[in-house]
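A quick write-up on the structure given underneath.
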Amino acid sequence: MRVAAIEFHGTTILGIVRDGKAVIGGDGQVTFGQNTVMKHTATKVRRLYHNKVLAGFAGSVADALTLFELFEGKLEESHGNLQRAAVALSRQWRTDRMLGKLEALLLVADTEHLFILSGTGEVIEPDDYIAAIGSGGSYALAAARAFSSIEPPLPLEDLVRRSLDIAADICIYTNHHLTIETLN
């Protein structure tokens, strides 16, 4: 008897870097299969490398935790150089047979850079320093870009919170239990 693979869905992670400040936020929902919420309060955003780097994940929790550990090792090797660590992790992730099977995306930031990292080797730094991943990522990204045009500008934490709330109102795999981390 063959058992079908069960996927864990759901999350929205949004990051913004502006004026020497970085904010990454994410929701707390973990969904089992396509119709069961298993957890409401997961923490998918973390501080790394002596609290100088923020990272959030979307995808398999076990895979993401493995990537967090590897990424923190790359940060240590590069003495906190986010760009160098991001490229090193993506290179290893893409070329290593076991790591290549990990199903997750990472969004990482310091006060100068914001990157999306994937297992296919992408290291993407968005032009506007706003990025989102996960099932509600496109909704949060659209909201964040719209809120970014408001004058006077919203504080980044408010902008991230409001954008994630909009994503949670739309995406069934995203909830309103938010974790938001800031670097100044």
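If you rank E151, E125 by how much accessible surface each has, with a 1.4 Å probe, what is the order from largest down?
Numbers: E151 145, E125 60 Å².
Ranked list, largest accessible area first: E151, E125.
Can you tell which of G121, G80, G20 shows the greatest fluctuation in a Gaussian network model of the chain with Cα springs below 10 Å?
Highest fluctuation among the options: G20.
Per-residue accessible area for D128 at 1.4 Å probe radius, Å² rounded to 10?
Accessible surface of D128 is approximately 60 Å².
Taking the Cβ of E125 as the centre, find all other residues whose Cβ is under 15 Å away and add up their charges (Lys, Arg: +1; Asp, Glu: -1). Don't skip to the answer; put the middle values down first.
Numbers: positive: R18, R84; negative: D110, E112, E122, D127, D128.
It works out to a net charge of -3.
By a straight-distance test (C-alpha under 24 Å), which lysines pair with K21 as possible cross-link partners, with residues fewer than eight away in the same chain excluded?
K44, K52, K74
For segment 1-148, with every protein chain kept in place, what is the accessible area per residue (1.4 Å probe, Å²)? Walk me through the intermediate numbers first.
On the way: 7390 Å² over 148 residues.
I get 50 Å² per residue for this part.
On a C-alpha basis, how far is the centre of segment 104-161 from the centre of segment 162-184 in Å? Whole number, if you could?
The two parts, judged by their Cα centres, are 12 Å apart.
Report the gain in length on full extension from I170 to T95: 0.36 nm times residue separation, minus Cα-Cα distance, nm rounded to one decimal.
Values: separation 75, 0.36 × 75 = 27.00 nm, distance 3.61 nm.
Value of the extension gain: 23.4 nm.
Obtain the nm distance between the two label points defined at T182 and R47 by a simple spin-label model: each point lies 7 Å from its Cα along the Cα-to-C-beta direction.
The modelled label-to-label distance comes out at 1.3 nm.
Taking springs between alpha-carbon atoms closer than 10 angstrom, which of A85, A55, A109 fluctuates most in the Gaussian network model of the chain?
Of A85, A55, A109, the most mobile in the Gaussian network model is A85.
The values are calculated or read from the model by the stated rules, or taken from the named source; none is laboratory data. Please read all numbers here as calculations on a predicted model, not as lab measurements. Virtual Cβ from ideal backbone geometry, glycine too; neighbours counted across all protein chains shown. For the accessible areas, the whole protein counts, side chains as well, though only heavy atoms, and no ligand, DNA or RNA atoms are used. Shrake-Rupley method; radii C 1.70, N 1.55, O 1.52, S 1.80 Å.
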